[in-house]
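Undergrad: Would you mind keeping the following structure in view while I ask a few things?
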Amino acid sequence: MSELDSQQRRSADLRVPEANPASAPHEVHQRRPGTPGARIRTAWQRPAPDLRAELGAFSTGVVADAMHRLGAMEGAIRPVWPAAQMSGPALTVWVRAGDNALIHEAIAMAEPGDVLMVNAQGSLTHAVFGELMALACRSQGIAGLVVDGAVRDAVALALLGFPVFARGACASGPLKDGTGEVGYPVACGGVVCASGDLVVADGDGVVIVPAADVETVLAQARRIEAWEAQRRELLEEASPPASLAASS
């Protein structure tokens, strides 16, 4: 084969295939903005700042106990870095597995103190969040992120001090199809969450308090905390002195 033939063959190998009209989605399968699976809601009620601040200061254990031990996500949703904790009203996002286009939309419309709550279908094949998005969140005053899916840049997230709770990590980056919903109820870690519900997260996991129940749950959390303080004091008084415990 001549050098000219070789160059022509290499050029042919590098040609971009022409689009096949038959591969385009039929009209019935094209995206219809504003319909289920392709819609964005921009307004909802958030709990009063004083109530969410006080309830958010309790541990997730106390908050879950105050709801008869319901509302806690399954243990697979974990902090990406140790000691991460946060609380705030949820801003919900539902995306296809591995796709993060609508997470960017949610970041742009978030209010300071919001927590992004993302149902990414539990997929661990593509990270839908990382360092650059965390920087964008911080500039918006977003309190943190919970995602039933994967993230990346774990070390950078820790250095930023931006709280992220996720099902896992993956080095592969996200897709950008754009299908999904913002502002509508989602399932995350086995718990339903609506925009405006209070999110409380710490080293033990994530708890969701429905917005309508924040005041009731707060009252019970106060009682549980007071009871635990009493029990703690009694147990500490009943403990043997340190010197005796060390020699036993």
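Undergrad: Within region 151-167, does at least one residue satisfy the condition of being on the phi > 0 side of the Ramachandran plot and without any contact (Cβ under 8 Å) to a residue 60 or more places away in the chain?
TA: yes
Undergrad: Okay, moving on. Does residue 96 satisfy the condition of being open to solvent by 20 Å² or more (accessible area, probe 1.4 Å), of a type in the set (D, E, K, R) and under 11 Å from the mean Cα position of the chain (by Cα)?
TA: It is false that residue 96 is open to solvent by 20 Å² or more (accessible area, probe 1.4 Å), of a type in the set (D, E, K, R) and under 11 Å from the mean Cα position of the chain (by Cα).
Residues checked against (1) assigned to a helix (DSSP H, G or I); (2) more than 22 Å from residue 38 (Cβ to Cβ); (3) open to solvent by 10 Å² or more (accessible area, probe 1.4 Å):
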position	(1), (2), (3)
112	no, yes, yes
116	no, no, no
129	no, no, no
133	yes, no, yes
159	yes, yes, yes
212	yes, yes, yes
218	yes, yes, no
227	yes, yes, yes
230	yes, yes, yes
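Undergrad: Right, something else. Residue by residue through region 50-78, note down the ones that are open to solvent by 30 Å² or more (accessible area, probe 1.4 Å), in contact (Cβ under 8 Å) with a residue 40 or more places away in the chain and not in a loop (DSSP other than H, G, I, E, B).
TA: Across region 50-78, the qualifying residues are 51, 52, 54, 61, 65, 72, 78.
Undergrad: Next up: Among 33, 25, 47, which is the only one that is modelled with pLDDT under 90, in a loop (DSSP other than H, G, I, E, B) and in contact with a strand residue (DSSP E or B) (Cβ under 9 Å, 6 or more places away or on another chain)?
TA: 33
Undergrad: Under 8 Å by Cβ, and 6 or more places apart or on different chains, what pairs join a residue from region 28-42 that is surrounded by 10 or more Cβ atoms within 10 Å (Cβ to Cβ) with one that is among the β-branched types (Val, Ile, Thr) and part of a loop (DSSP other than H, G, I, E, B)?
TA: 31/179; 37/179; 38/179
Undergrad: Looking for something surrounded by 24 or more Cβ atoms within 10 Å (Cβ to Cβ), touching a residue at least 12 places away in the same chain (Cβ under 8 Å) and of a type in the set (A, V, I, L, M, F, W, C) - is there at least one such residue anywhere in region 170-180?
TA: Within region 170-180 (the criterion being surrounded by 24 or more Cβ atoms within 10 Å (Cβ to Cβ), touching a residue at least 12 places away in the same chain (Cβ under 8 Å) and of a type in the set (A, V, I, L, M, F, W, C)), the answer is no, since none of the residues qualifies.
Undergrad: Next question, about the same structure. Looking at region 89-128, which of its residues are farther than 16 Å from residue 193 by Cα and in contact with a Lys or Arg (Cβ under 6 Å, 6 or more places away or on another chain)?
TA: 101, 127
Undergrad: Identify all residues within region 162-181 that are in a strand (DSSP E or B), of a type outside the set (Gly, Ala, Ser) and under 13 Å from the mean Cα position of the chain (by Cα); write none if there are none.
TA: Within region 162-181, 164, 165, 167 qualify.
Undergrad: Out of region 181-210, which residues are touching a Pro at 6+ places or on another chain (Cβ under 6 Å) and crowded, with 24+ Cβ neighbours inside 10 Å?
TA: Of everything in region 181-210, those that are touching a Pro at 6+ places or on another chain (Cβ under 6 Å) and crowded, with 24+ Cβ neighbours inside 10 Å turn out to be 197, 198.
Undergrad: So if I check each of 120, 101, which one is under 13 Å from residue 148 (Cβ atoms) and touching a strand residue (DSSP E or B) at 6+ places or on another chain (Cβ under 8 Å)?
TA: Step by step, each of 120, 101 is checked, and only 120 is under 13 Å from residue 148 (Cβ atoms) and touching a strand residue (DSSP E or B) at 6+ places or on another chain (Cβ under 8 Å).
The values are calculated or read from the model by the stated rules, or taken from the named source; none is laboratory data. A quick note: this is a predicted structure, and the numbers were derived from the prediction, not measured. A quick note on method: Cβ atoms are made from the backbone with ideal geometry, for glycine too, and the neighbour counts reach across all protein chains shown. Remember, those area values only see protein heavy atoms, side chains included, never the ligands or the DNA or RNA. Shrake-Rupley method; radii C 1.70, N 1.55, O 1.52, S 1.80 Å.
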